[in-house]
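Accompanying notes for the structure given below.
The values are calculated or read from the model by the stated rules, or taken from the named source; none is laboratory data. Since this is a predicted model, take the numbers as computed values, not measurements. Counting neighbours? That spans all protein chains shown, and the Cβs are built from the backbone with ideal geometry, glycine included.
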Amino acid sequence: MAITAGTFESLELRGVGRTFGGHEALVGLDLTVRAGEFIALLGPSGCGKSTALNCLAGLLPLTHGQILLDGTRVDTVPSEKRGFGMVFQSYALFPHLSVEKNVAFGLQMRGLGKQEIRRRVDEAIDLVKLGEHARKLPGQLSGGQQQRVAIARAVVLEPSLVLMDEPLSNLDAKLRLDMRTEIRRLHQSLGLTTIYVTHDQEEALSLADRLVVLREGRVQQVGTPDELYDHPRNWHVADFMGYRNILPGVVVAPQGAGDRVQVSVGSLALSGRQVDPAGSTARDVRVAVRPDDLVVLAPGEEPRDGNVLRGTVLVVEYHGREFAVVVQAPDGTLLHVRTPVAPQVGAELALTAPAERILVFPADLTERSAE
Ligand code: ATP
């Protein structure tokens, strides 16, 4: 394949920050990206993801820190000279130009010869499977096809880095899934170093080699999908990684050796695993449990660990092979659980989860970072 990544060994962000007036949109972002990596910047709305991406792109000057490409500063280099490709949520195509002319535009600006432009444009259009639409205008294409044009337009320039800002958020659910696979396929075949902004945890987990979780402008955790999924450092990351049950509780007592603790969550008593990177001995905690780690106990069944959560079934939703069930404990605490068998609304249920799957975080731990 002739489309190749521009080359660099590493991209380094050192203490990158951006303030707007007095507001700190991004604070002290440290990150080293290796060539060929796919990095997702993940976090809720307003956490600073787009700010970070725009700083990288050169669309926004930094107020703190440096960006280095193989040790050379690029944050002072104008956007168009950085050699990065960009794909936005809004596609940002020229509406009066055909697909092939949109894709050719950047190459023409670089003054390449007609033949080379033709060859590279054809190749990029083939890559995103738009051959039969090459002469159409963007307005004659679906949202997914327009986004493919935007991707072709970025990769045709053989960028050293591709920056994508929520590229799938304007697409419907089915198209999102298809395009996600497409982006993964393109990344695997071209090996383009990619930084991808999303607030969608599933998208980030399925696409990225490493994820950077941001909250209020600060990095919460950097890691591979399985590291973040199984070992979130704080309850905000857990919340983002699908630990749907994040419950306020208090530590009642340490339990045996190691990291086991007894906690009470409203009227519920549980034993769980204390996740405490700061070595703090917090009493106020957040207890995090995944819906699929909660299991419905059969009548009379005794759980290991003695963990029993009792409540009344409030909501049952059909989700294909399983049901998403909301159970309300006597004190009002809501528990989200997934079960293969639908319980009756109003039924009394007893749930359990093994202590090692119940994570206990200090309640006030909000800003721990580092890779
Ligand atoms: P979203 O997912 O909603 O796009 P985000 O995580 O990308 O959110 P940013 O767009 O980076 O968040 O914004 C981070 C913070 O900086 C927000 O509080 C936002 O209001 C603020 N902000 C962003 N751009 C500007 C600007 N040009 N002027 C002032 N404040 C800004």
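Among the residues of the range 185-200, those that are away from the ligand (no atom under 16 Å from the Cβ) and in contact with a Phe, Trp or Tyr (Cβ under 8 Å, 6 or more places away or on another chain) comprise His187, Thr193, Thr194. Being outside the structural domain of Ser50 (by TED's automatic domain parsing), touching a residue at least 40 places away in the same chain (Cβ under 8 Å) and either within 16 Å of the chain's Cα centre (by Cα) or crowded, with 22+ Cβ neighbours inside 10 Å (or both) holds for only one residue in Gly266, Gly249, and it is Gly249. Quick one: which of Pro159, Pro167 is more than 16 Å from the ligand (Cβ to nearest atom), out of contact with any Cys (no Cβ under 8 Å at 6 or more places or on another chain) and within 30 Å of Val74 (Cα to Cα)? None of the other options fit; the residue is Pro159. Note on the range 311-354: enclosed strands (runs of 3 or more DSSP E) holding 3 or more residues that are in the same structural domain as Ala288 (by TED's automatic domain parsing) and either over 16 Å from Asp293 (Cβ atoms) or within 26 Å of the chain's Cα centre (by Cα) (or both) are 322-328, 334-339. Just one of the listed residues (Arg18, Arg73, Arg110) is in contact with a strand residue (DSSP E or B) (Cβ under 6 Å, 6 or more places away or on another chain), surrounded by fewer than 14 Cβ atoms within 10 Å (Cβ to Cβ) and among the basic types (Lys, Arg), and it is Arg73. Counting only helices (runs of 4 or more DSSP H) wholly contained in the range 194-275, the ones carrying 2 or more residues that are of a type outside the set (S, T, N, Q) and closer than 16 Å to Asp364 by Cα occupy 235-240. Checking Lys101 against (1) more than 23 Å from Phe8 (Cα to Cα); (2) part of a loop (DSSP other than H, G, I, E, B); (3) not aromatic (Phe, Trp, Tyr), only one condition comes out false. Which one? The single condition Lys101 does not satisfy is (2). Only a single criterion out of (1) closer than 26 Å to Val155 by Cβ; (2) in a loop (DSSP other than H, G, I, E, B); (3) touching a strand residue (DSSP E or B) at 6+ places or on another chain (Cβ under 7 Å) is not satisfied by Ser50, namely (2).
Put simply, of Leu26, Leu41, Leu11 the only residue that is surrounded by 22 or more Cβ atoms within 10 Å (Cβ to Cβ), more than 26 Å from Arg184 (Cβ to Cβ) and either of a type outside the set (Asp, Glu) or away from the ligand (no atom under 12 Å from the Cβ) (or both) is Leu26. Criterion applied to Leu157, Leu211, Leu186 was being out of contact with any strand residue (DSSP E or B) (no Cβ under 6 Å at 6 or more places or on another chain), in the same structural domain as Leu56 (by TED's automatic domain parsing) and not aromatic (Phe, Trp, Tyr), and the one residue passing it is Leu186.
Give me a count of the residues in the range 45-68 that are within 11 Å of the ligand (Cβ to nearest atom) and either in contact with a His (Cβ under 6 Å, 6 or more places away or on another chain) or small (Gly, Ala, Ser) (or both). The qualifying residues number 5.
Annotation: of all residues in the range 156-176 being in a helix (DSSP H, G or I) and in contact with a Leu (Cβ under 9 Å, 6 or more places away or on another chain), the one that is surrounded by the fewest Cβ atoms within 10 Å (Cβ to Cβ) is Leu175.
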